[in-house]
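The values are calculated or read from the model by the stated rules, or taken from the named source; none is laboratory data. The structure presented is a predicted model; accordingly, all values stated were derived computationally and were not measured. Positions of Cβ are generated from backbone atoms using ideal geometry, with glycine treated the same way; all protein chains shown enter the neighbour counts. All accessible areas refer to the heavy atoms of the entire protein, side chains included, with ligands and DNA or RNA removed. Shrake-Rupley method; radii C 1.70, N 1.55, O 1.52, S 1.80 Å.
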Amino acid sequence: MGILLGAIADDFTGATDLANTLVKEGMRVVQTIGVPDAATATGDVDAVVVALKSRSAQVVDAVSQSLEALRWLQAQGAEQIVFKYCSTFDSTPDGNIGPVADAVRAELGAGCAIVCPAFPDTSRTIYKGHLFVGELPLHESSMKDHPLTPMRDSSLIRLMKAQSDAEVGLVPLQTVRDGADAVRNAIKSLAVEGIGYAVVDALDDADLRVIGTAARDHPLITGGSGVATGLPQNFRSRGLLGAPAKACAPVVAGRELVLAGSCSAATRGQIARAKETWPTRKIVVDRIAAGDDVVGDLANWALGQHDEAPVLIYASADPEEVRQVQAIYGVEKAGAMVEEVMGALAARLNRAGFGRLVVAGGETSGAVVSALGVNALRIGPEIAPGVPWSEGIGTLPLALALKSGNFGGPDFFEEAFEVVR
Ligand code: ADP
């Protein structure tokens, strides 16, 4: 039997967020890194989320990668496709969300597709077609100053119109509150008028479930992970998906390692907590720059620690120290040097029997995943909001928890390992 749901995500952490949401709703989910090749076996799963790096790619590349992902997902039997982008609609006026949505919609022959990036858990809501971040409309939030994708308009209708070839309409909150049939009929009416996208208002999770139910027969849904919350139930009510069950933690033997490259306040707090009890070493950027065998030294040190103890290696530093390092080596070079060491350490220590890895930092996670040669991950149970355990497919024994810097409470590292012990 093929998969039920396929998703195309425009970045890695967004893909994990969506995969985690689907797992919590009782689906068995694999996340692939890029479009899988013929050799990648995803096994018997309900959904596959293909993680692309298309958010910041050139439009033509984003479209071709997305169509390649679509065709692969269709070949796996996916009945419904989610195109996942950021809950703050991160993109430029000639950005990729519209062109990718247009191409996927055309390929699927979808009528009017939902546009709903709302994510109430992180205070992203949509009202009268305007996207809010907490109390503020998007264009007044900190997103107005984002270095790559400054958001200067809050109207999803205008934003989508600027990027897409199609007309864009609105399904207002009142219709959502009237229930799934009302939403379905409203979208049908928009489709009859030839409108290609329906921005749908949503203030809370109940609204998102209504929208998910209404989307039962839609070949394409676009938005954040929130709008996908209601989709698994549609398959369940058709008898295609079993009763919701808690995801199994990966069963992977092996030693425990934390690699922390995030310099966020949350990660630095987690490091401070772990240092109280675990063997810990810091990566010194000057030593990498001087050409010392930092990887060899740290790997030998880690292997020399007591078998039972988790080991923590970090580069994380406070903002002043990071500024100094960046002033000497440049922002990109400093980051790249640390990421290369993190990747090499992960690969070397995994080969030497470290089977359970927690990685802190989005870019750091990307470097580790690519150094480990991970093509696909089976998504397991959630450790903290937005951070699941996962298990490498086709790798050496490997349980991975990839955490973006600011996620998790002060005891996150210990809590993570508790789940897989
Ligand atoms: P976050 O998820 O918090 O943004 P990332 O891993 O995405 O974390 O980004 C952190 C960046 O900072 C990485 O490129 C990492 O290599 C870099 N970095 C980590 N430690 C240092 C340091 N001491 N000096 C300079 N850069 C560092």
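Against the main long axis of the alpha-carbon atoms of the chain, helix 205-214 sits at an angle near 60°.
Classification of segment 255-420 by its C-alpha gyration tensor yields a rounded form. The axis ratio a/c (a ≥ b ≥ c) stays under 1.5.
By definition, a body whose alpha carbon gyration tensor gives a ≥ b ≥ c is oblate when a/c is 1.5 or more and a/b is not larger than b/c, and segment 194-263 fits this oblate description. Within the accessible surface of segment 255-420, defined with a 1.4 Å probe on protein heavy atoms only, the carbon and sulfur portion equals 49 percent. With 27 Å as the limit on Cα-Cα distance, the pairs of LYS24/LYS84; LYS84/LYS246; LYS84/LYS275; LYS24/LYS53; LYS53/LYS246; LYS282/LYS333 that go past it are LYS84/LYS275; LYS53/LYS246. The simple Förster model, with R0 at 41 Å and r as the Cβ-Cβ distance, assigns HIS306 and GLU68 a FRET efficiency of 0.30. Relative to the Cα centre, the charge distribution of the chain, modelled as +1 at Lys and Arg Cβ and -1 at Asp and Glu Cβ, gives a dipole magnitude of about 520 debye.
Going by alpha carbons, how many degrees (0 to 90, nearest 10) lie between the helix axis of 319-329 and the longest principal axis of the chain? Approximately 80 degrees, to the nearest ten. Model label points for GLU340 and ALA272, set 7 angstrom from Cα along the Cα-to-Cβ axis, are 3.2 nm apart.
The sum of -39500 (n - 2.57) across all DSSP H runs of n ≥ 4, divided by the residue count of the chain, sets its helix-only mean residue ellipticity at 222 nm to -11500 deg cm²/dmol. Measure nothing fancy, just the Cα-based angle from helix 180-192's long axis to the longest principal axis of the chain, in degrees from 0 to 90, nearest 10. Around 70 degrees separate the two axes. Simple point charges give the picture: +1 on the Cβ of Lys and Arg, -1 on the Cβ of Asp and Glu, and for segment 5-237 a dipole about the Cα centre of about 180 debye. Computed extension gain for SER370 through GLN324, at 0.36 nm per residue and net of the alpha carbon distance, reaches 13.7 nm.
Shape of the chain from its Cα gyration tensor (a ≥ b ≥ c, root eigenvalues): rounded if a/c is under 1.5, otherwise prolate when a/b > b/c, or oblate? Prolate. Using only side-chain charges placed at the Cβ, +1 for Lys and Arg and -1 for Asp and Glu, the dipole size of segment 124-262 relative to its Cα centre rounds to 400 debye. Take the Cα of ALA38, step 7 Å along the line toward its Cβ, and report every residue of segment 61-97 whose backbone nitrogen sits under 18 Å from that point. Under 18 Å, as judged by backbone N against the label point of ALA38, lie 68-69, 71-77 of segment 61-97.
Per residue, the chain exposes 41 Å² of accessible surface when a 1.4 Å probe is rolled over the protein heavy atoms with every protein chain present. Between LEU240 and ARG287, the contour length at 0.36 nm per residue exceeds the alpha carbon distance by 11.4 nm.
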